[in-house]
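Since the structure comes first, as structure tokens, the remarks are kept for the end.
The values are calculated or read from the model by the stated rules, or taken from the named source; none is laboratory data. Everything numeric in this text was worked out from a predicted model, so none of it was measured. We place every Cβ from the backbone using ideal geometry, glycine too, and count neighbours over all the protein chains shown. In case anyone asks, the SASA skips ligands and DNA or RNA and just uses the protein heavy atoms, side chains included. Shrake-Rupley method; radii C 1.70, N 1.55, O 1.52, S 1.80 Å.
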Amino acid sequence: MAPMQLGLAIASAVLSAVLSVAPFWFIYRIAVEAFSEQPDPGRIWQLAWWALGLIALRWVLMAISHVFAHTGAFAVQHRLRLAMVRRLGEVPLSFFAGRGSGSLRRTLNDDVSALEGFLAHMLPDAVASAAVPLVALAFLCFADWRLALAALLPLPLALGAQAWVVRRSGERMREWNMLQKRLANQVGEYVRGIHVVKSFGLDAQSFSDLATTVHGAVDWVAKHARSSSSGWVIFSALLTANLIVVAPLGAWLNARGGLDLPTYVLFLLVAPAVLTPLLRLTFALGEHMQRAEALARIGEILAAPALAEPLPGPLPQGMLDLEFIDVCHRYGDRAALEDVSFRAEAGQFTALVGASGSGKSTIARLVPRLYEPVSGSVRVGGMAVQDWPLDALLARVGIVFQEVFLFHGTVRDNLRLAKPEADDAAIEAAARAAQAHDFILALPQGYDTPLGERGARLSGGERQRLSIARALLKDASVLLLDEATASVDAENEVLIQQALAELCRGRTVLMIAHRLRTVMGAHRIVVMERGHVVGLGRHEALLRDCPAYQRLWRDHEQVRDWTLGADQEVQA
């Protein structure tokens, strides 16, 4: 529907623009009639009414063009945003590596919004501006071909000035788009970290990269205005200067008897319409140049390869196990996992331990295909995750990450993300099991309380309990826990552990843990070090036979017993 609306808008704009020239023909005919030997008043009135009718029709067509152009432009925006959001949900998480959230937000919001002005205004104007000079020139050639050619004389000089401007501005537009992209990312980072900025008493000037980018944008605008203004002034003056040629030449021809007065007046009225509309066409082309980078960014998202979907087939049922077979993964040039192999038995509790950066979180993200392994195989229920339909795989896998993300909606909306069809009773039962029901009821509107952006109205422990409630509501057979109690206060830690025990019952659990005492009872512990599996077994066996686990345990015990007492020196 949107292409049809834009097509009707362009057609209406072209007809409206052509009709802007038509009244001058009737004015010309009125002048011819008025200067004839026996003027006919009836004929003059008839021509005048035709001119007025065409003027009215022109404004009607212009209104129609505006309506269709705006509705079509908004429809295109709607479709583009939906298509991009769908594609972002289909691509692997590696697509987002190296792309700042500010850059993606700018593409989804600013770049798509900017298309509205181009599609609703500039595109119809551009086509209409190209049609008017052709109609006006044909009109003038019919009246007198000599003056029609004279009206075109400034065009080569104007095009030369325009080529000079375009040649200088093409590269500068790319510089400007890079500046805007960098500025969006850095401002987003500054806003997200405003609590750190305030806590250290800093301001924007303290962030040299952000300050440099802001000053660079200001300097770019000033330099661009100075370098391009002269070319634009020359170009604009030449496009409006053809009367300087047409007026004296027409007067000379009239004086010599080679041109009648009505035709001379006609050229004085219509000659500017031959070149002046090219100004609007130039502005439209300039807008298109500015939108080229935006269209490229939109196209980059739409063209991003989605995760491959397998052909339909039978899927494993019942309790599912997890298996990693010689899995390797990299972040750019850095190896995250090297030949990782282990098995998490169905219905059992398997723990991943190791120092930060050893690859534990990467393993958890490979199971639901947030990342794709470089080589090797990740299997769920004996089937490679790439052979699972993504919806079916995600329905079987529940995730509780250490960093909880909550959307700008109500408590109920955030819990229902796990199971959209869940009723209020199921939501409340999940919240009770996660020890979240009481604090939810204490909120101003209970389960209907808006949480603010990223759940800003809740503490870290409250956000974590909502995340556990979501996992309970989802009721997946495979559960991934990434240090699920890291943000829980001591008062509620026992209750949360009880909730997790309920959550883990009857499921295959893969848990990332830094507090080793929480996984001492695991059926199997996988010890990671620098992307390699260096130990595999139960707590007692690893404590006896695995040097890496022994070091982790020793460090864990030392940290557990560490205190900061009044007798310790604190250096200022």
Once phi for every residue in the range 513-519 is put through the Karplus expression 6.51 cos²θ - 1.76 cosθ + 1.60 (θ = phi - 60°), the whole-Hz ³J(HN,Hα) values, with Gly and Pro written as x, are 9, 9, 8, 5, 5, 6, 10
On the protein heavy atoms, probe 1.4 angstrom, tell me the percent of accessible surface of the range 394-449 carried by carbon and sulfur. 54
Residue-wise, which Karplus ³J(HN,Hα) couplings in Hz belong to the range 545-550, taking 6.51 cos²θ - 1.76 cosθ + 1.60, θ = phi - 60°, and x for glycine or proline? 10, 10, x, 5, 5, 4
Share of the range 511-552's accessible area from carbon and sulfur, percent, 1.4 Å? 52
Please state the relative contact order of the range 364-425 as a whole percent: Cα pairs under 8 Å, 6+ residues apart? 20
Test of understanding: what is the full-extension gain from ASP339 to LEU307, defined as 0.36 nm times their sequence separation minus their Cα-Cα distance? 9.2 nm
Hey, how many Å between the Cα centroid of the range 414-429 and the Cα centroid of the range 112-126? 43
Lys and Arg at +1, Asp and Glu at -1: add these up for the other residues within a Cβ distance under 10 Å of GLY258 and post the number. 0
Sorted by chain and number, the residues with a modelled amide H under 5 Å from that of VAL374, at a separation of 5 or more or across chains, are CYS328, HIS329, ARG330
Assuming 0.36 nm per residue, please report the length gained on full extension of the stretch ASP391 to PHE35 beyond their Cα-Cα distance. 120.0 nm
Can you give me the long-range amide H partners of GLU529? Hydrogens built in the peptide plane at 1.01 Å from N, cutoff under 5 Å, separation of 5 or more residues or another chain. VAL534
Kindly flag which residue pairs out of LYS181/LYS223; LYS181/LYS360; LYS181/LYS474 have an alpha-carbon separation exceeding 30 Å in this structure. LYS181/LYS360; LYS181/LYS474
Given the candidates LEU295, SER358, PRO316, the one whose Cα lies deepest towards the positive end of the charge dipole of the range 290-381, counting +1 at each Lys or Arg C-beta and -1 at each Asp or Glu C-beta, is LEU295
For PRO92, what is the net charge nearby, where nearby means another residue's Cβ is under 12 Å from its Cβ and Lys, Arg count +1, Asp, Glu -1? +1
Percent relative contact order for the range 323-373, counting Cα pairs under 8 Å at least six residues apart, stands at 31
Expected vector for the range 76-90, Karplus 3J(HN,Hα) from phi with 6.51, -1.76, 1.60 and θ = phi - 60°, integer Hz, x for Gly and Pro, equals 5, 4, 4, 5, 5, 5, 4, 5, 5, 5, 4, 5, 5, x, 9
